[in-house]
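Peer 1: This is the structure I have questions about; it appears just below.
Read the figures in this text as sums done on the coordinates, not as results from a lab. Given the structure is predicted, the values throughout are model-derived calculations rather than measurements. Neighbour counts run over all protein chains shown; Cβ positions are idealised from the backbone, glycine included.
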Amino acid sequence: MSTNSSTYKALNRSLGKALHTYQMIADGDRIAVGLSGGKDSWALMWLLAERQSRVPVNYTLFPIHIDLGFDGGPSRTIENHARQMGWNVHIERTDFGVVAHSDANRENPCFLCARKRRQRLFEVADRLGCRKLALGHNKDDLIETLFINMFYAGEISTMMPFQPFFEGRLTVIRPLAFADEDQLARFARMMQWPVAPNPCPSAGRSKRAAIKTMLQGFYAGNKKIKGNIFRAMRHVRPEYLPR
C-alpha cells in the first residue's frame, strides 16, 4: 500500500502523537502486541512494524493471540496471514470464552472473559520477556469505556493510553488511543486484512454495543461531539464536581 494514502497519514499522525505524548516506546523495548484479528489489532501491529524501519528507536514486537475456545474462531486465519507478513504470532489456546458463557456464569460473561484474557496476555508477555503490552484500543473505545463506567460502575474513569501494572514491571500501552474507529475500518478495507467475524455469542449484545449505538446517534447530529467528549476527559474541573 502506498504511504501517500490520506488514511495512512492520518493514522500514522495519531499513532505518532500518542507515542510521543506518553513516551510509550524506548530503545531496546520488547513489546507484546495483542492480536485479536479485528481491524484495530491488525492496524496496530502493521503500523508498529512499518514504523520500525524508519525511526531511530530499536524495539522488537511479539504478536500474541488468545484463542477463546469458540468454534469457528480466527486463530488459523490469524496465524496464516501473520506468517505471510513475516510475523511469528504466538497462539495461546484457552476455553475462556466457552466457560464465561456456560450455565455457571450467565450474569456477566463479558467481564469474566475479558479479565481472564487480559490476565493470560500479561502472563504470556512476561514469559516472552516483554515489559510492555500494546493493545489496539482506539479513541472510540476510550470514550465508550468512560460511559460504561459512569452508567454501570458509578465512576468517572476510562482506559489509560499508558498504564503501568505490578509496580511498573509491565506497562500496557495503547498507541491507537488518538485514532478514530472509522479511519481504522477504512484502513483495514484498504489493506484487505482478514478481519474475522467475532464468534462470541455476546457479540453485538454487550453493554459496550449499547453505548456505541447511543453515541453514534449523538455523533450523527453533531460532528463536534466526539471530539468534545475526548477533550473533556483531559479537561476535568474537580471544583465543579460534587464530593
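Peer 1: About the Cα centre, and with charges only on the beta carbon of Lys, Arg (+1) and Asp, Glu (-1), how big is the dipole of the chain? Nearest 20 debye, please. Let's see the in-between values first.
Peer 2: Numbers: 35 positive and 22 negative charges, 131 e Å.
That gives a dipole near 620 debye.
Peer 1: Same structure, new question: Tell me, 77, 158 in order of fewest to most beta-carbon neighbours within 10 Å?
Peer 2: Values: 77 14, 158 19.
Lowest to highest Cβ neighbour count: 77, 158.
Peer 1: Still on this structure, please answer the following. Defining a contact as two alpha carbons under 8 Å apart and six or more residues distant in sequence, what relative contact order in percent does segment 6-240 show?
Peer 2: Numbers: 323 pairs, mean separation 58.6, N = 235.
So the answer I get is 25 percent.
Peer 1: Could you tell me the relative contact order of segment 109-236? Use alpha-carbon pairs under 8 Å, at least six residues apart, and round to a whole percent.
Peer 2: On the way: 101 pairs, mean separation 31.4, N = 128.
That works out to 25 percent.
Peer 1: In terms of the Cα gyration tensor, with a ≥ b ≥ c the square roots of its eigenvalues, is segment 26-159 rounded because a/c is under 1.5, prolate because a/b exceeds b/c, or oblate?
Peer 2: Details: a/c = 2.03, a/b = 1.36, b/c = 1.50.
Here segment 26-159 falls in the oblate category.
Peer 1: Quick check on the chain: of the DSSP beta bridges with both residues there, what percent are antiparallel, nearest 5%? Could you put the intermediate results ahead of the total?
Peer 2: On the way: 4 of 20 bridges.
Rounded to the nearest five, the antiparallel share is 20 percent.
Peer 1: Under a 5 Å amide H to amide H cut-off, with H placed in plane at 1.01 Å, what residues pair with residue 90 once short-range neighbours are removed?
Peer 2: 64, 65
Peer 1: Give 39/132; 17/207; 139/224; 116/226; 9/39 a once-over and call out the pairs whose C-alpha atoms are over 26 Å from each other.
Peer 2: The answer is 17/207; 116/226.
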